[in-house]
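Working notes, beginning with the structure itself.
The values are calculated or read from the model by the stated rules, or taken from the named source; none is laboratory data. Remember, it's a predicted structure, so these values are computed and weren't measured experimentally. No Cβ is skipped: glycine too gets one built from the backbone with ideal geometry, and neighbour counts run over all protein chains shown. Calculation scope for accessible area: heavy atoms of the full protein, side chains included, ligands and nucleic acids excluded. Shrake-Rupley method; radii C 1.70, N 1.55, O 1.52, S 1.80 Å.
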Amino acid sequence: MKFHAKMLDVLYMREFQAIAATLAKLAKECVMLVAQEQMHLIVNEEHCSTSSPLVWVSIASKDYFPEYQMTPARPEHDLIVLVMSAMHLSRALAVLRSGSSSSVHSCKLELKQIQFPCISVIASVVSPNSSEPREVVHDVPVTVVPPSDWSSYMLPKVPNTQIVLGVPSLRLLRSLIDKLKNISPSFIFHGSTAGELNLVAESEMATITTRFSRLLLHKPDQGQSGAGAETESEIRCSVDTRKASAFFNALQLPNEEIMIGIDSERCICLQLDIRSNVVLHSILPAVCAEI
């Protein structure tokens, strides 16, 4: 079993660090699925199973890593499944942050067996007072999941949604949700095919509605239920305010637009297109709204 990946683009390295930092704020453990064409990072609200994931990121290996080699334990296997501390991974990648005084030329990820299996994060760094590069190495302990247990760690599927709206101001949405969590334990997403999104928070004292209008209406994926989007002009779903706030406050990425998919009374699907073929997903399950 072998895995080796190398990043050379400074922007990609900083982006990868921001992804790891985001996941570290959401869960204790991170699942890394290494396939031939893609790498997936998954965290979930239970910290112990990926059956109900909160967030996952899919990265196209060829676009992101100029060097990418993955050899499974057996030829018939198409995955390497690793479980690690999300915080340890984030700290190991901290040298890639844009605020660092040193210049990072490259970063390698390698699966190694020392006294324990680990992902070695090897950064080639040049400090301001030296022209010679040096290697900064962090070994992140991992658990190699055997194929017999893979069913508990599979990549989540994006649920069917009846409407998908693009919100261009992620910063505004994050600030709004952070304020709403102090008003109501849950709030309602109202989406319409007219390109409107209403966020409603209700309490005994007041009802607060925030309206986003003239939003870009995205079509659901081919596998999703398009019939509902045609027959229903408004879709609504109530979600836990704290879970939504935790997701938005954890984001360390500079993206401004987020896509919000609404599956009536089932879930809210959030999608952040970090760049081409690098996508962050989140699912917020529906809760029973108080009447």
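Give the residues of segment 233-252 that are within 19 Å of Glu196 (Cα to Cα) and either assigned to a helix (DSSP H, G or I) or not acidic (Asp, Glu) (or both), sorted by residue number.
Within segment 233-252, the subset within 19 Å of Glu196 (Cα to Cα) is 233-239.
Ser233, Ile235, Arg236, Cys237, Ser238, Val239 - these are the residues of segment 233-252 that are within 19 Å of Glu196 (Cα to Cα) and either assigned to a helix (DSSP H, G or I) or not acidic (Asp, Glu) (or both).
Go through (1) at pLDDT 95 or above; (2) in a strand (DSSP E or B); (3) open to solvent by 10 Å² or more (accessible area, probe 1.4 Å) for Met39 and report which single condition fails.
Among (1) at pLDDT 95 or above; (2) in a strand (DSSP E or B); (3) open to solvent by 10 Å² or more (accessible area, probe 1.4 Å), the lone unmet condition for Met39 is (3).
Of everything in segment 185-209 that's more than 13 Å from Asp240 (Cα to Cα) and outside any strand (DSSP E or B), which residue is least open to solvent (accessible area, probe 1.4 Å)?
My answer is Gly195.
Got at least one residue in segment 172-180 being modelled with pLDDT of 90 or more, under 19 Å from Ile235 (Cα atoms) and either of a type in the set (Lys, Arg) or assigned to a loop (DSSP other than H, G, I, E, B) (or both)?
No: segment 172-180 contains no residue that is modelled with pLDDT of 90 or more, under 19 Å from Ile235 (Cα atoms) and either of a type in the set (Lys, Arg) or assigned to a loop (DSSP other than H, G, I, E, B) (or both).
Mind checking whether some residue in segment 140-159 is surrounded by 13 or more Cβ atoms within 10 Å (Cβ to Cβ), in contact with a helix residue (DSSP H, G or I) (Cβ under 8 Å, 6 or more places away or on another chain) and more than 22 Å from His281 (Cβ to Cβ)?
Looking for residues that are surrounded by 13 or more Cβ atoms within 10 Å (Cβ to Cβ), in contact with a helix residue (DSSP H, G or I) (Cβ under 8 Å, 6 or more places away or on another chain) and more than 22 Å from His281 (Cβ to Cβ), one finds at least one in segment 140-159, hence yes.
Residues of segment 163-177 being out of contact with any Phe, Trp or Tyr (no Cβ under 9 Å at 6 or more places or on another chain), more than 13 Å from Glu256 (Cβ to Cβ) and open to solvent by less than 10 Å² (accessible area, probe 1.4 Å), which ones?
Within segment 163-177, just Ile163 meets the criteria.
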